[in-house]
Amino acid sequence: MDWFKRLLSILSPPASAPKVADAEIAAIERSLGLRLPDDYKAFAAAYGTGTLDDFITVLTPTARISHFRLDDYGEEMLKVLRELRAGGEEMPRPIHPEPGGLLPWGVTSNGDWGYWVTDPAAQPDLWPVAVNVGRGPEWYEHPGPLTRFLREALDRTITIPFFPDDFPSDDPAFRRLPDGT
């Protein structure tokens, strides 16, 4: 099932999004030691950096603001997870670069963090999705891929228990972030 196309059917991308160069994706993949999912690459190319219904932001390789860049903010998110685990908080999964580790893909306006579960490592299009509530130990897991998670959250097929009751709106939209190329 092409979940990216199904997402497009309910969430129009902006009229123009920055081109995500194959070289940018390749550089991030080299630094991660993993290939990124194809649906994520399609999402980044079609939408660029912005928010889904003013709530979910998918980190992209082309964002000029570091808190929306997959490599910059993703590394910060991993650092925090490692610190929490070292402090005694249990993690539902290993943390990247550990095999099957959590790898950041996004954030919410409530401070929740979204991750891929990188298992199987060689098949990123099969990676499940995990979301951690901001400032707490609660986790939600979804079988993936990312665009299926986004589509099902926006059409209310799934309910993430710690997401606000008013998400999604009746008419979800994508809004580009200022300087969020």
- Chain lengthening between E75 and D125 when straightened (0.36 nm per residue, less Cα-Cα): 15.9 nm
- Rounded to the nearest 500 deg cm²/dmol, what is the calculated helix-only ellipticity per residue at 222 nm for the chain, with -39500 (n - 2.57) per DSSP H run of length n ≥ 4? -9000 deg cm²/dmol
- Task: Would you please state which residues of segment 98-112 a label at D166 would reach in this model, taking the label point 7 Å out along Cα→Cβ and a backbone N cut-off of under 15 Å?
- Result: 109-110
- Query: In Å and whole numbers, how far do the C-alpha atoms of the chain stretch along each principal axis, longest first?
  - Reply: 44, 40, 33
- Item | For segment 132-140, 3J(HN,Hα) per residue [Karplus equation, 6.51 cos²θ - 1.76 cosθ + 1.60, θ = phi - 60°, Hz, x = Gly/Pro] | 10, 4, x, 6, x, x, 6, 10, 10
- Residues L84 and E29, FRET efficiency given R0 of 25 Å [Cβ-Cβ distance, rounded to 0.05]: 0.40
- Note on the structure: Distance in Å, no decimals, from the C-alpha centre of segment 48-74 to the one of segment 109-172 is 15 Å
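Where a number appears in this text, it was derived from the coordinates with a stated rule and is not lab data. Every value quoted in this text rests on a predicted model; they were computed, and no experiment measured them. Positions of Cβ are generated from backbone atoms using ideal geometry, with glycine treated the same way; all protein chains shown enter the neighbour counts.
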